[in-house]
Amino acid sequence: MKRAMITGITGQDGSYLAELLLDKGYEVHGVVRQSTLIRALQSPNLAHAASKGGDRLHLHYGDIADGPCLERLVTEIRPNQVYNLAAQSHVGESFRNPDHTGEITGLGTLRMLEAIRKAGIDCRFYQASTSELFGEVTESPQNEQTPFRPRSPYAAAKAYACYITRTYAQAYGMFAVNGILFNHESERRGEAFVTRKITRAVGRIKLGLQKELFLGNLDAMRDWGHAEDYVRAMWLMLEADEPEDYVIGTGETRSVSDFCQAAFSAAGLDWRDYVRSDSALTRPADVELLCADASKAHEQLGWTPKVGFQDLVQRMVAHDLELAEREDETRTKSA
């Protein structure tokens with residue numbers, strides 16, 4: 001039985017990946033911080049994985065800020081595959097806390113690679129990279145050869161993580177790859193991210209729990225897909241014959257205002273009646289256009305996305321309408 005180790009298992013990607021690997025017969029070991037270990041056991045994101053996994057799903061205390069702890073875990077678990085998904089992953093937050101972002105998102109990857117190297121085990125390593133690396137893009141769509149031009153502390157930290165992964169692959173012969181994933185969303189997306197902020201607001205506005213939604217740059221263009229499709233690409237990268245980096249995305253680009261239009265329409269509302277642009281919410285430097293050229297993944301991995309944009313939005317809105325209904329019921333009972 002293959003063993004996989006996942007950092008960031010309680011997040012959107014980590015939970016979907018855990019389910020995928022459990023379905024494929026893996027033994028899955030998730031790494032969570034001590035402060036979140038108890039909450040992780042009750043996490044709604046992990047509920048499906050827990051029901052599928054039984055005694056094949058294990059959670060361990062660990063932190064990518066703690067190198068010795070990672071070394072101990074890798075030595076004890078001896079995984080066949082390591083998926084490093086843990087990070088401070090919010091772009092806006094990285095401007096407010098650049099030190100923390102660099103420490104966790106950048107150096108955390110180095111610690112994970114060093115833990116594998118020191119343990120001397122033969123395992124494959126996946127590093128969660130990001131389309132934010134392309135930043136102020138020089139060409140569109142973007143592929144594996146497009147130059148990196150990061151425009152945030154988050155993207156800069158991810159650039160370090162990407163390069164150090166390549167360095168360890170070359171220097172130590174490790175099977176280590178970067179998945180340069182474009183924006184991928186789901187019902188499990190954190191509410192600080194713009195897509196979930198939008199669909200959460202749709203549900204609350206529909207139920208009369210909220211009147212308006214304030215957003216920053218409505219013109220930013222993104223390539224959005226569903227996280228379930230993207231974790232499948234992660235697994236395919238580690239199942240490949242040779243270690244290579246891949247760009248993963250849909251190749252379709254839409255603006256934040258387009259996402260608003262689709263989300264509010266799914267609830268029978270006109271987004272223009274509720275959405276307001278607030279310059280205070282814009283970033284010091286933003287990425288205007290991201291669009292993936294995932295032809296290499298199509299050809300070499302056989303990967304294609306299964307969930308389209310409209311289906312993605314409708315699934316998120318349906319979930320958040322239910323959440324708003326429960327919120328409304330709770331409010332009514334306590335009134």
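The values are calculated or read from the model by the stated rules, or taken from the named source; none is laboratory data. Please read all numbers here as calculations on a predicted model, not as lab measurements. Here the Cβ is made from the backbone with ideal geometry for all residues, glycine too, and neighbour counts use every protein chain on show. Note: areas computed on protein heavy atoms with side chains; ligands, DNA, RNA excluded. Shrake-Rupley method; radii C 1.70, N 1.55, O 1.52, S 1.80 Å.
Side notes on the structure shown:
- For the chain, the number of Lys pairs separated by eight or more positions or lying on different chains, with C-alpha atoms closer than 20 Å, is 8.
- Rolling a 1.4 Å probe across the protein heavy atoms gives the stretch 252-321 an accessible surface of 49 Å² per residue.
- Where only DSSP H runs of four or more residues are counted, the chain gives -13500 deg cm²/dmol as its mean residue ellipticity at 222 nm, each run worth -39500 (n - 2.57).
- For the stretch 118-237, radius of gyration divided by Kirkwood radius, i.e. Rg to Rh on alpha-carbons: 1.06
- Just so you know, the Cα atoms of the stretch 207-335 work out to an Rg and Dmax of 18.5, 61 Å.
- When M234, M1 are compared by accessible area of protein heavy atoms, the largest-first order is M1, M234, using a 1.4 Å probe.
- Length gained when the stretch K118-E244 is fully extended (0.36 nm per residue, less Cα-Cα span): 43.1 nm
- Were the residues from R72 through H58 laid out at 0.36 nm apart, the gain over their Cα-Cα distance would be 3.5 nm.
- With the highest mean first, a sort of the peptides 212-222, 104-114 on other beta-carbon atoms found within 10 angstrom per residue produces 104-114, 212-222.
- Surface analysis of the stretch 38-143 yields an accessible area of 44 Å² per residue, using protein heavy atoms and a 1.4 Å probe.
- What a 1.4 Å probe finds exposed on the chain is 46% carbon and sulfur by accessible area, rounded to a whole percent.
- Taking the DSSP beta bridges with both ends in the chain, the antiparallel portion is around 5 percent.
- Rg(Cα)/(2.2 N^0.38 Å) for the stretch 289-335, N = residue count: 1.98
- For the stretch 178-335, DSSP calls about 20 percent of its internal beta bridges antiparallel.
- Angle in degrees between helix 194-206 and the longest Cα principal axis of the chain, rounded to the nearest 10: 30 degrees
- Along the axis of the charge dipole computed for the chain (Cβ charges of +1 for Lys and Arg, -1 for Asp and Glu, origin at the Cα centre), the listed residues T101, Q142, A220 are led at the positive end by T101.
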